[in-house]
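Notes follow once the structure below has been shown.
The values are calculated or read from the model by the stated rules, or taken from the named source; none is laboratory data. Everything quoted here is computed from the prediction, not taken from an experiment. Cβ: placed from backbone, ideal geometry, glycine included. Neighbour counts: every protein chain shown. What goes into the accessible areas is simple: the full protein's heavy atoms, side chains included, and nothing from ligands, DNA or RNA. Shrake-Rupley method; radii C 1.70, N 1.55, O 1.52, S 1.80 Å.
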Amino acid sequence: MNYIKSFFLRVWFPHTRILWALLFLGFIFYEACGLYFQYWLKLNPCIECVYERACFMFFGVAALIGVTAPKHLIIRLAASLVWLVSSVWGLIIAIEHRGYEIDYQKSLQDPFASFSTCGFHANFPSYMKLDEWLPSVFAPTGVCGDAAWDFAGLTMVQWIIVIFVCNAVVAGLVTLLSFIPFGTYLGLRNRKG
C-alpha cells in the first residue's frame, strides 16, 4: 500500500516536476499525432483542427510553467489553470467541430440538406498569429466535417473530445491539489503508514 501512496504522491501531485514533465510528453504526443495525420496520412486540418492544436499547444505552455518551480503555489496554480482553461476551451471547440461533422454527414446522405461549415481562414488574435508564424502546423487547409479517419468506431473529432474531457478532469483535480501547501505535501510524503 505504501508503494501506491508513494507513486501517487510522487507522480500525480503538482508539487513535483514529474507531473509537469508527463504533461509535456502528452503535449508532444498530441502534436505529433496531428502532424502524422496531416503529413503522413494526408488529412488536411480544418480551422477547428487548427484551433484544437493550439489548445494542445497550451498543454505544453502549462507544462513549462509548472516544471519551473512546482514548489511555489502561484506557479502551480498558473500552470494548472492554463491546462484547465485550454482543456475546457479545446472541448468547446471539439464539440462545435463534431456538430460540423454531423451536418456534413447528413449533407452526404441528402443532397438537398443544408449544412454549416467553419470557414477557411483562421482567426487567431493579433498578438498570437500562429497561422502566420508557423503555417506548416497552424494553417487550415481542410474542410470541417470530413470524417476521413476513425478508430474503434469513433471519428478523430470524437477522440479529441474524449482527450479534452480526460484532460479537463485531471487538470481540475490538479488545480484543487495545487492549493495544498508544499509543507503539507512533504508531510504526506514522509508520513509512515
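Taking the stretch 119-169 as the region of interest, how many residues are in a helix (DSSP H, G or I) and either touching a residue at least 12 places away in the same chain (Cβ under 8 Å) or over 20 Å from Phe58 (Cα atoms) (or both)? Before the answer, list the steps.
If we filter the stretch 119-169 for residues that are in a helix (DSSP H, G or I), which is where we start, we get 130-133, 135-138, 156-169.
Checking which are either touching a residue at least 12 places away in the same chain (Cβ under 8 Å) or over 20 Å from Phe58 (Cα atoms) (or both) leaves us with 130-131, 137-138, 156-158, 160-161, 163-165, 167-168.
Final tally of qualifying residues: 14.
At pLDDT below 75, closer than 20 Å to Gly90 by Cα and not basic (Lys, Arg) - does that describe any residue in the stretch 158-179?
As a first pass, look at the stretch 158-179 and keep what is at pLDDT below 75: none.
Scanning the stretch 158-179, I find no residue that is at pLDDT below 75, closer than 20 Å to Gly90 by Cα and not basic (Lys, Arg), so the answer is no.
Consider Gly142 against the criteria (1) modelled with pLDDT of 75 or more; (2) open to solvent by less than 50 Å² (accessible area, probe 1.4 Å): it satisfies all of them except one. Which criterion is unmet?
Just one mismatch for Gly142, condition (1).
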